[in-house]
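The values are calculated or read from the model by the stated rules, or taken from the named source; none is laboratory data. These numbers come from a predicted model, not from an experiment. Calculation scope for accessible area: heavy atoms of the full protein, side chains included, ligands and nucleic acids excluded. Shrake-Rupley method; radii C 1.70, N 1.55, O 1.52, S 1.80 Å.
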Amino acid sequence: MVKATQESIIVNATLFWPNLNVKNEMSGKYQVDLGLLDDKTVKEIEALGVSVRTDPHKNEDYTDRKRFITVKSANYPIKTFFANDIDESDPGVVGNGSEAMVKVSPYSWKFKGKEGVSLGVSKVKITKLAKYEVEED
């Protein structure tokens, strides 16, 4: 059986596809991709038993996430805080390219004969905000 090995770590990352206070339509969970991970962070994540993915970057309309992981919260919105120099309080405005410190915790899972370790997310502190803006047609 695969087991989670550590309580939690703080990951510094660039956020992609943040669904911090609204569930993602495809997964039905609150989630965010943590991208542009540095070498040290990748080693820490892999030491937990979690695979770091790379972005094939086939769609030039979107920024390349490079090395990334997807973290989720199944039942509760992700607690989101803003650094003192950011005058904002609505997690719904957090867009692609925002930078954050993210507290993640490993958990073991089994599903349809497979098992592994994934990362759940409990808190996000936005350190640099890239506001999400809806494009009008």
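Some points to look at:
- Above-threshold pairs, the threshold being 29 Å between Cα atoms, out of Lys40/Lys72; Lys110/Lys131; Lys43/Lys110: Lys110/Lys131
- Accessible area per residue, Å², the chain with all protein chains present, probe 1.4 Å: 66 Å²
- Listed values for the stretch 67-81 are Karplus-derived 3J(HN,Hα) couplings in whole Hz (6.51 cos²θ - 1.76 cosθ + 1.60, θ = phi - 60°), namely 8, 8, 9, 10, 10, 9, 10, 6, 10, 10, x, 7, 4, 10, 10, and x replaces Gly and Pro.
- Length added when fully stretched, Asp38-Thr127, from 0.36 nm per residue minus Cα-Cα: 30.4 nm
- Full extension of the segment from Thr54 to Ser89, taken as 0.36 nm per residue of separation minus the current Cα-Cα distance, would add 9.5 nm.
- Rolling a 1.4 angstrom probe over the chain with all protein chains present gives an accessible area of which 46% lies on carbon and sulfur atoms.
- Using a cutoff of 8 angstrom between alpha carbon atoms and counting only pairs six or more residues apart, the relative contact order for the chain works out to 31 percent.
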